[in-house]
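Reading through the structure tokens given below for one structure.
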Amino acid sequence: MKKYIVLSTNWNPDYLYYTPIVCWAWERFGWTPIVMLNGLNDQPPIFDLVARHCDRIFQNWHKVFSIDGYRSDTITQISRLYGACVADGYLMTGDI
């Protein structure tokens, strides 16, 4: 059965910058990363840089849009729970 690690990040460059490295490391352990990205409706320039150089890693990513009245980091953390909706196999949640 396939193994997935569900990760999430928002537009915060401190986390977005390390997302490709974390995904690469999990792949080395034999886990397929699923990345939930929040805030794509107001994405910063660093997202373009990361996505352009990491097309292979971002093949299994899902947009999580912002919701008025909720902080971006709260939406980002909770979005990991929806990994079961997009993958079938062993799931583990992780943090960038």
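Some notes on this structure:
- Environment charge of Tyr90, counting only residues whose C-beta is closer than 9 Å and scoring Lys/Arg +1, Asp/Glu -1: +2
- Other-chain or far-sequence residues with amide H under 5 Å of Thr93's (modelled H): Val6
- Put a dot 7 Å past the Cα of Phe29, heading toward its Cβ, do the same for Lys63, and the two dots end up 3.0 nm apart.
- In Hz, Karplus ³J(HN,Hα) per residue of the range 18-31 (6.51, -1.76, 1.60; θ = phi - 60°; x = Gly, Pro): 8, 4, x, 5, 5, 4, 4, 4, 5, 4, 5, 7, x, 10
- Sequence-distant residues sharing a close amide H with Thr32 (under 5 Å, placed H): Lys3, Tyr4, Ile5
- Close amide-amide hydrogen proximity is noted between Val64 and Leu37, Asn38, Gly39, Leu40, each under 5 Å apart and 5 or more residues distant or on a separate chain (H modeled in the peptide plane; Pro and chain starts excluded).
Since every read-out is calculated from the coordinates, none of them should be taken as a lab result. Keep in mind the model is a prediction, meaning the values are calculated, not measured. Don't worry about glycine lacking a Cβ; one is built from the backbone with ideal geometry, like all the others, and counts go over all protein chains shown.
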